[in-house]
Each structure stands twice: as structure tokens, then as C-alpha cells.
Amino acid sequence: MKRFFLLIGVYVLGAQLASAQLRVGNSARPSGDQLSYLAPKDYIIGGITISGTKFLDNDVLLTISKLSVGDRVEIPGEATSNAIKNLWSQGLFDNIELTVDMIKGDSIFLNIDVVERPRLTRIDLTGLSKSQTEEVRKRLNENTGKIINENLLNTTRNTIKRYLREKGFLYPDIKTSQVKDTTEANNQILKVEVQKNKKVKAKEINFTGNKEFSNYKMHKYLKKVKQKRWWRFWGPGKFNFEKYGEGKEALITKMRGKGYRDAIIVKDTVTQLNRKNVKVDIEVYEGPKYYFGNISWSGNAKYTDETLSKILGIEKGEVFSEEKLNAKLLGPSKSGADVSAYYMDDGYLTFQVDPVQTKIYGDTVDLEMRMYEGPQYDVNRIVLKGNDVTNDKVVRRQLQTKPGQKFSKTNIMRDIREIATLGNFDESKTSPVPKPNPADGTVDIEYTVAEKPSDQVELSGGFGAGRIIGTLGLTFNNFSTKNLFNKKAWKPLPRGDGQKLSLRGQTSGKSYQSYSFSFSEPWLGGKKPIYFGLSAFTSMSAYGGYDYYTGRENVTESTPKIRMNGITVSLGKRLKWPDYAFQLNYSLNLQQYKLRNYDAYFLFKNGTSYNINLTQEISRNSLSDPIFPTSGSNLKFTVQATPPYSLFNNINYPTAPDNIRYRWVEYHKWKFDSQWFQTVAGKLVFKAQAQFGFIGSYSKVTGTSAFERFKLGGDGMMGFDFLQGSEVVAMRGYANGYVIPENKTSTTDINIARNSGSPIYTRYQMELRYPVMMNEQAKVFLLAFADAGNTWDRFRDFNPFKVRRSAGIGARIFLPIFGLLGIDYGHAFDPIPGVQSDQWRQPFTFSIMQQMGGFN
């Protein structure tokens, strides 16, 4: 059978379609029959076959070609040309040929012969780090099995470029090549060579068109994009187009917020200076400065115009600012009062207000506030989602929003904070969604939460006091005693009731051992927010029972030893007045101290002492975040007292032996601790803290208690000092316990003051904090600090302005499983008289899980 070929190119776009052909065999044509572009003929399609396919479905290709058996078509003509174009547009083929196999009378039989493009086996990336390669692969989603065409190549290049741009590599070189896969017949491996080149920074940022705003202000308003400066140690270093876009929006928002409502960016260009630097030119139009004119209200029935104008708090003649207007209408307002809050806290869930600029004359803008109050809604159901481990009741009891109440936006915002205080959920993923039911005027509130790891483990080994000390601590923050005997609930421990169980052990062998246990239930009985806590501990230290030179322990009956045992029962309650941030706690403490030959510069050597005291603590915590607060305060006032034994036990204290004089510890102890946080610029946060502590006696004859004193200096972590019933207060730059009263000059007095502590102390602290990483896996921030503090023996010597000073830098990292870890480098400025050389200095300090009263 003879066949002839006719090239169809008139209807095909571009050089790529030149390979698509119409071929017709001569032997299939009756005598005298001709196919010619000059004299096309009509035929009925008698059959269509497809050849050359290996992976594609022939029926699908026939559908795409839009040729069907039985159709009457003109050949050569538009139908055959369009069939080739339709198939070519899919990007699936390297070549397409339309063949006329046979002609019988007025019937024509066609064949579509195709050459499929190769498919992708994998993408081999070079030039990126391991982590960068993994991230790019995730974004590419591998595309394994897809057709290798220009679209795939462009997508691959653009995905890599977008990723590198986010990292500051704006001008990478990307080369692609294809290598045949020897394991698959029609597959190829795409090789991508990436040269990241240098990270790019903005060497110059130039503004033009700004007359009322200085260049300094314009640079300040252009958030997240900073000009390259030698002194810039933090902030946006690399240039990023996404951040640049956000910065431009922030710039215009700030300009309009200052009254220039017509401000726009006329044009901006980013010019590459070299591989490492770009130049940014921004031309702005400021326009005139506008002021608020008359403000009227419409659609309001609940509140009068006068009341709403008072809530709004914007006077005629003020600088016009849409940002301020929206904040005062819809929140959040700096004053805490906005129009929407008045409505939405009273059930008006669907409340809306539309500020319309009704008249602009000169530099004045008149406004009409068009209101839609809508109906009041009552809360119907509270729905919880995402708490797969924590029981519903643990979350529900934290909520201020209750069924039957009127809908309140303020209560919902408070609920979000309360859920965050549980510590079991990722606060950034807590999402309340109101779902109104207009038919009956009720609303369902759906809280979606995300569980996060909250248990913590402390496993460490260190070298201190000439010995190796090992520590193991376990804290379970979502424990459940109710399920202790439920085998199915042990995964690996019973969880879900919001209780806290902590176990900790520390030892260096026979010479030092310390073990503690604590349990807390935030809702005693499950019906009221009454906190219950129970803790117990036992600790022992054999002073001199460790040989520093041989590394051996030698603990005998005559070895100086101190043991401390104790148990504490606590009750606490959150107060409703003055506000919900106040907490009142009571605790009863029973402690026993047993000293044997304890000649360690302590106030006495032998005897057993008992400390029974009652503690009352009132606190207020309004911090925005427990780990890295950016606003709020934390105040705590504590009073602790023992019974006044000396007033009724008839002991002659000046002449009584130590085992009688110190048998019953008596004192009254007062402490005040305050922290305050405020964002000062961008992400930079300022912290201020002040602490004061005083321990006094009921009678002059007893003297100040030998226990419960204050030791100032160092990292603030409890160690051997805890055995003496002392309270350790951190002060960086100084060695542990070395901030002692100034009148201690002899070696003996200095050692006694260091080991026994002081009855009065004060400490001040200022910090500047900057976050480096803030996510669910880890929180990291840097800080610079200035500390000051001192101790005194008597109140008449107390001078809160005569302090020892230090300053330095540090870092904190919070890992959910370990808690808050810290390292600081501090320089102490004021020497301790009588202490040799730099023994009183401690430049580096480490901390773990420090809370209020320490430094976080």
C-alpha cells in the first residue's frame, strides 16, 4: 500500500509545530484521486488509530483531538490542523504526525503517530545544604512521574528561586540538564545545579518626594527592611522581597496615620549593585495633611450619639488617621475602650459599623458612622476540639464564657489567655469561632486547640564543690490521679486532668543526697478554682566527707553532717476582686534541721531544729506570655511567720545551749517581688524588676533566725545552700552568696555571712530582650542586663541606694521538654572587702527553669 505525505504548517504556531505532519499513502488512493491544499475534499472519518503511546490513554487523546468516527471533515483542512494543535498544546509530546492510512470511496482512515516526552524519575539537587535541599524537595513535591517539559523546568527553577529569596539569596544561578535513566525506558533524571551566590543586603535606601517626613522617619516606618550599617547587630539584615512588600505597606499606613490620607508610593525600584548589595529607590507622594471634621451617627438605637462620640474619643480638629479611627471603632484600642467592644460585650454579635467619608473640604474630612446593631445573642453551647489528651472539664473550667450568658468578645479574649495558662496547648493555634443561630438568637462558641508537649525532664551532670553531681528530674504537667488504677490510661502515665507531679533527685554519692516530690491540683474537688499543693523533701550533706585530692568519699559517724526534711501543704484561690489576675495562697510548712558537728561557718554546730511556719502570699500576674512576655506585670507580696515561742516558753536564750536555743525556729519574714515588661521598639522588650526581703525576730533576746536568711549572688539555683534553709537570690557577675554586708571584713565573718546568709536584701534588675526564634519547638532570645543589689544585718544600716552593681549579656532558650535554660556573662563592678583577688567574681552563670524570684 502506497502512502504519501503532506506537511501541515499553516495552522500550527511556532517552530515546535513544524514537526507535526499529515502523511497519506498513494496506494490507498483510487486512480485519479488526489489530495491537494489547492483542492481539498470532504471525507467521512471511517476510523482513527493512535500509535506510539506507552503511558498515555488513547481514548483520552482521541477526545483531546476532537476528531470522531463518522464526522465529515475537509482534508486537508481546519479539522486536521486543529487536532494537531489540540494535542500539541498538552505539552506531552516531542513529535506528532497525522497519517492517512487508507481512503475507500468517501471514507478516510487516519492514524495519529506520537512520540511521548520523557517522564521524570527524580530531581538531583547540588549546591544547597542538606536542610535546604530537604526544604526545596518538600516544596517541589518531587513531581516524580510527571512529564519533563518547559513548564516543569520553569516551575522547578522558580520554586528554588523563591526559597532562596526568602533566605536572602536574591540572585542565584540555576542550571538544569537532563540525563537518561538507564533503569526506565522513557524516563530521565533532572539535574539542577544551584549556585546561591552571596546573601543580599540593602546598601542604600533612598526616599524622594517626602517633605513633611524626614528620611529618618521614613527609614523607621519602612518596617522589616533596614539599610546596611556597620553597627547593626540585630534586625532585618538580609533583603527579602516579601518583607519589602510588607515594609512598603507599613510605610504608607504610618504616613496615613499621621494625617496624610492621600499618601502613596508613586514608584519604587530595586537595583542590583553587585552580588551582595542592592539599592532601593522609593518615590512617595505625601499629599496634604487632613483633620477630622464633623462626626455623625446613624442606625444606633442602644446608645445615643453623645455616648458613642464619648466612647469614640475623637475630637473635631484632630489629625485625621484611619488607623486610629478603626482602632476606636473596632479595636484594639490603646485605651481599652472601643465602640465594637461596648456592643459585642453585650451580646451584639453581628454588630457592624461603616465609617463613610461624607464630605471633604479643604483639609477637613466629615464622617458618618453608619451602624447596624443587630439582635442580641445568648451563648448556647461551648464546643471543644483538638484536646485529644486533656479532658474537657480541665479546659471548660478555665473559660469565662458560659452557656446562658450574653455573648461577650472580652470574655472570649480572656478565655484564650486562660487556656494558654494551662501550658498544655499551643497558644498560637487556639482559635475561638462563634457560630450564630439567627433563628433562636443563640450562638455556639467552638474552641479549637492544639495539644503540645508539656512534660519536662531534667538530666544533668556537673562538677561543683570538688565533686561530680548528678541530677534527674521529671515533671508531668498534665497528670491524672483519677486514672492511676486504670491500666488503659497509662500512656506512659495517666494524663489529662491538669494536675502536676514532680520528682527530682540529686546526688554525688554518700556525701550529698537530695530527693523531692511535689503534687498540685489546681481545682480541689473539681468544682471551684481552689489550688491544692503537697510537697515533701529530704536532703543531706556530709561536710568534709569528700576528699578533693583522692576523689574518695569518707563519710563516718564523726563526719560533720546536716540533714533537712520537710513537708508543705498549700491552698490557693484566684480572686475576683480587684480583678481576675489576683491570686491568694496559704501554705503550712513543717521542716526539720539536724546538725551534727557542723563546723561549716554556721551559727551553731549540733542540735535539731524545727521550723513550723504559715505563709500568706498575694500576687497579681498579667504577663502576656509566661516565657517571653512583651507586656504586663507580675507582683508578689509574701508574709511568712512562725509562732512566737520566746514569748511563752520561759527559755533564757542568752545562756541556753545551742540544742535548746535553736530547737524551735522563730521569725517573721517579709518579701516583695515585682516585674514589669514593655515593648519599646519593634521586637525589643524592656524588663524591670525590684525585690526586697527582710527577716525579723519577735524578741531581741532570740536574735535573728539562723535559717530562712537570704544569700545574694550567682545563678540563683538551689544547691547545697538549700540544706541550710536559706533563700538563694541571683545576681549575675558575683559568685554565689558573695554579696554580703559591708561590715564583714575578717575571714571568719565573711565565711559565716556567706554560709548563713543575711537577714535583709534588695535587688534591682533591668534587661533589654530581643527574640531570635519564637515557635512551638523552641523559643530563643538574647538579652543585655544591669543588676544591682546588696545585703544588710540591721534595718538601721539599710540603704536601698547603696548597692553593688554588675552588667553583661546573656541568652535564654526554652525547650518544652527541658524548660527554660540560660547562660549569662556578667561583669561585677564593686569588689567585696576582705575577699582575696577575684574570688568574689563569677563571670559566667547558668540557669535552668528559673521562675519569678530568679531571672527568666
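The values are calculated or read from the model by the stated rules, or taken from the named source; none is laboratory data. Only a predicted model underlies this, so the values are computations on that prediction, with no experimental measurement involved. Every residue, glycine as well, gets a Cβ built from its backbone with ideal geometry; the counts of neighbours run over all protein chains shown.
Numbers at a glance
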| read-out | value |
| --- | --- |
| Filtered residues of the stretch 78-91 (kept if touching a Phe, Trp or Tyr at 6+ places or on another chain (Cβ under 9 Å) and without any contact (Cβ under 8 Å) to a residue 60 or more places away in the chain) | LEU87 |
| Any chance GLY789 is assigned to a strand (DSSP E or B), touching a Pro at 6+ places or on another chain (Cβ under 9 Å) and surrounded by 13 or more Cβ atoms within 10 Å (Cβ to Cβ) | no |
| Verdict on LYS203 being within 20 Å of PHE241 (Cα to Cα) and not in a strand (DSSP E or B) | no |
| Top-ranked residue in the stretch 565-585 [being of a type in the set (Ser, Thr, Tyr) and under 16 Å from ILE530 (Cα atoms); ranked as surrounded by the most Cβ atoms within 10 Å (Cβ to Cβ)] | SER570 |
| Candidate set from the stretch 588-610 (those that are out of contact with any helix residue (DSSP H, G or I) (no Cβ under 7 Å at 6 or more places or on another chain) and crowded, with 17+ Cβ neighbours inside 10 Å); member that is modelled with the highest pLDDT | ASN589 |
| Single condition ALA341 does not satisfy, out of (1) within 26 Å of LYS573 (Cα to Cα); (2) assigned to a helix (DSSP H, G or I) | (1) |
| Whichever residue in the stretch 753-786 is surrounded by fewer than 16 Cβ atoms within 10 Å (Cβ to Cβ) and touching a Gly at 6+ places or on another chain (Cβ under 8 Å) and, among such residues, is nearest to ASN743 (Cα to Cα) | ALA784 |
| Qualifying residue in the stretch 804-824 (condition: part of a loop (DSSP other than H, G, I, E, B) and over 20 Å from the mean Cα position of the chain (by Cα)) | no |
| Neighbours by Cβ (under 7 Å, 6+ apart or cross-chain): first from the stretch 527-553, acidic (Asp, Glu); second surrounded by fewer than 18 Cβ atoms within 10 Å (Cβ to Cβ) and modelled with pLDDT under 85 | ASP547/ASN554; GLU553/GLY509; GLU553/LYS510 |
| Residue selected from the stretch 773-786 under the condition out of contact with any helix residue (DSSP H, G or I) (no Cβ under 9 Å at 6 or more places or on another chain) and not in a strand (DSSP E or B), by the criterion farthest from ARG763 (Cα to Cα) | GLN777 |
| Of all residues making up the stretch 49-78, the number that are modelled with pLDDT of 85 or more and either in contact with a Lys or Arg (Cβ under 8 Å, 6 or more places away or on another chain) or in a strand (DSSP E or B) (or both) | 6 |
| Residue ranges of strands (runs of 3 or more DSSP E) in the stretch 623-731 with at least 1 members touching a residue at least 40 places away in the same chain (Cβ under 8 Å) and either of a type outside the set (A, V, I, L, M) or surrounded by fewer than 16 Cβ atoms within 10 Å (Cβ to Cβ) (or both) | 631-641, 668-681, 684-696, 710-712 |
| Test for TYR549: is it over 22 Å from GLN591 (Cα atoms) and modelled with pLDDT under 80 | yes |
| Options SER646, SER699, SER674; residue that is at pLDDT 95 or above and hydroxyl-bearing (Ser, Thr, Tyr) | SER674 |
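A quick yes/no check of all residues on (1) surrounded by 19 or more Cβ atoms within 10 Å (Cβ to Cβ); (2) modelled with pLDDT of 90 or more; (3) part of a strand (DSSP E or B); (4) under 32 Å from the mean Cα position of the chain (by Cα):
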{"position": "LEU325", "(1), (2), (3), (4)": "yes, yes, no, yes"}
{"position": "ASP366", "(1), (2), (3), (4)": "no, yes, yes, no"}
{"position": "ASN380", "(1), (2), (3), (4)": "no, yes, yes, no"}
{"position": "THR410", "(1), (2), (3), (4)": "no, no, no, yes"}
{"position": "ALA420", "(1), (2), (3), (4)": "yes, no, no, yes"}
{"position": "GLY423", "(1), (2), (3), (4)": "no, no, no, yes"}
{"position": "LYS435", "(1), (2), (3), (4)": "no, yes, yes, yes"}
